[in-house]
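Peer 1: What follows is a structure written as structure tokens; I'll ask about it next.
Derivation of every value follows stated rules applied to the coordinates shown; laboratory data play no part. The model shown is predicted, which means the values in this text are computed figures rather than measured ones. Neighbour counts run over all protein chains shown; Cβ positions are idealised from the backbone, glycine included.
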């Protein structure tokens, strides 16, 4: 029987326990230059200090035109490496393995940052406006931007990268039939729709070597679980080290539902774990606010690791609570998370622990 405190090997790195921090963007921490600030460093250091085994630093833009907002952290140029090294060093000092999520928003790009581009011309944030379909040359150039960001991440000392392949962003847009209407080698079949990410994975491996973790946050449903698993199979064949399962653009699968001990989104990770067991580690995420849920998922070997989002924002001590039973302040599960732009001080759980 597995325990939350058990170490796990991901890629070639040893993670000291089964607790991971999911990437959650701190919009008000960075400036227009996309550089790391002291707020970022302290934020991640605190989570590492409370025994989180693996920290995935927030979605970080591979290009300034692919940001959520102008105050979105980046790794699109070498001048940003130094700040990231400070995050890595702070977390490594506490024994945490550290990844960074790299991303481009694609058709959901903020118009203040850049043009909405993607695999096809489809409605953007504004239903009256269509994105511009990327040319083959632009696709190759975008792949290179992801690879270059991964190389910079390695130079900063990160143990690996997580490709943001879900939540409706660019990689997700390529795998979804709703947003990918292409008829060339990047559209149509599962293999073709996965090609964009697969080529990025292979190129990162070539540039960064076998010791560098390549993870992907991938939809557990797109539009159904079987199709999502077929996409993930392409990632595994390409050499991905770690599948971190969440949601995507479409959800059309009546077999996915809440379970007694966890919700429907967590169940996606459980089903992926059952499918990929023994090949690559799999995580789950969403609505996990109590140690008893973490314990249930790990002890019953339903997933390999548990990603914590709002719970670890509300109180990083949830990791110690899951490991030793130490006290912590439970996330209030606010309808609109108060740990958003300019709001860390308004999180009621964080205020309570302060």
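Peer 1: When 167, 72 are ordered from fewest to most other Cβ atoms inside 10 Å of their Cβ, what list results?
Peer 2: Placing the least packed residue first, the sequence is 167, 72.
Peer 1: Still on this model: Of the candidates 119, 327, 64, which one comes out as most mobile in a Gaussian network treatment of the chain with C-alpha springs shorter than 10 Å?
Peer 2: Looking only at 119, 327, 64, the biggest GNM fluctuation is shown by 327.
Peer 1: Here's another thing I want to ask about it. Taking neighbour counts of Cβ atoms within 10 Å as a proxy for exposure, in what order, fewest first, do 290, 138 appear?
Peer 2: Result, fewest neighbours first: 138, 290.
Peer 1: Could you calculate the contour length gain from residue 260 to residue 112, that is, 0.36 nm times the residue separation minus the distance between their Cα atoms, to one decimal place in nm?
Peer 2: 48.9 nm
Peer 1: Just check the stretch 146-221 against the gyration tensor rule for me: Cα atoms, a ≥ b ≥ c as the square roots of the eigenvalues, rounded for a/c under 1.5, and otherwise prolate or oblate depending on whether a/b exceeds b/c.
Peer 2: Here the stretch 146-221 falls in the prolate category.
Peer 1: With the cut-off at 1.5 for a/c, could you classify the stretch 84-178 from its C-alpha gyration tensor as rounded, prolate or oblate?
Peer 2: prolate
Peer 1: Could you identify which residue out of 305, 129, 20 has the top mean-square fluctuation in a GNM of the chain using Cα springs shorter than 10 Å?
Peer 2: Answer for the Gaussian network model of the chain: 129.
Peer 1: Looking only at 199, 143, 128, which one moves most when the chain is put into a Gaussian network model with springs between Cα atoms under 10 Å?
Peer 2: Result: 128 has the largest fluctuation of those listed.
Peer 1: With each label point set 7 Å from Cα along the Cα-Cβ vector, what nm distance links residue 69 and residue 125?
Peer 2: For the pair residue 69/residue 125, the computed spacing is 1.1 nm.
Peer 1: While we're looking at this one, here's another question. Return the FRET efficiency for the residue pair residue 77, residue 190: r is the Cβ-Cβ distance, R0 is 51 Å, and the value is rounded to the nearest 0.05.
Peer 2: With a Förster radius of 51 Å, E is 0.90.
Peer 1: Right, here's the next one. When a/c reaches 1.5 or more, the comparison of a/b and b/c decides; with that in mind, is the stretch 166-293 rounded, prolate or oblate per its Cα gyration tensor?
Peer 2: oblate
Peer 1: Sticking with this structure for a sec: Of 332, 146, 272, how do they rank once you tally other Cβ atoms within 10 Å and put the fewest first?
Peer 2: With the sparsest Cβ surroundings first, the list reads 332, 272, 146.
Peer 1: Normalised by the number of residues in the stretch 49-201, what is the relative contact order in percent for Cα pairs under 8 Å and 6+ residues apart?
Peer 2: Reported relative contact order: 24 percent.
Peer 1: What is the calculated FRET efficiency for residue 207 to residue 39, with r their C-beta to C-beta distance and R₀ = 22 Å, to the nearest 0.05?
Peer 2: Computed FRET efficiency for residue 207 and residue 39: 0.15.
Peer 1: Please work out which option in (i) 25.9, 89; (ii) 21.7, 71; (iii) 18.9, 55 gives Rg and Dmax of the Cα atoms in Å calculated from these coordinates, and answer with its label.
Peer 2: So the calculated entry is the one marked (iii).
Peer 1: Right, here's the next one. Would you work out the relative contact order for the stretch 8-280, in percent, from Cα pairs under 8 angstrom that are 6 or more residues apart?
Peer 2: With pairs under 8 Å counted, the relative contact order is 16 percent.
Peer 1: Turning to a different aspect of this structure: Once you put a point 7 Å from the Cα of residue 135 and another 7 Å from the Cα of residue 28, both along the Cβ direction, what distance in nm separates them?
Peer 2: So the label points at residue 135 and residue 28 sit 4.2 nm apart.
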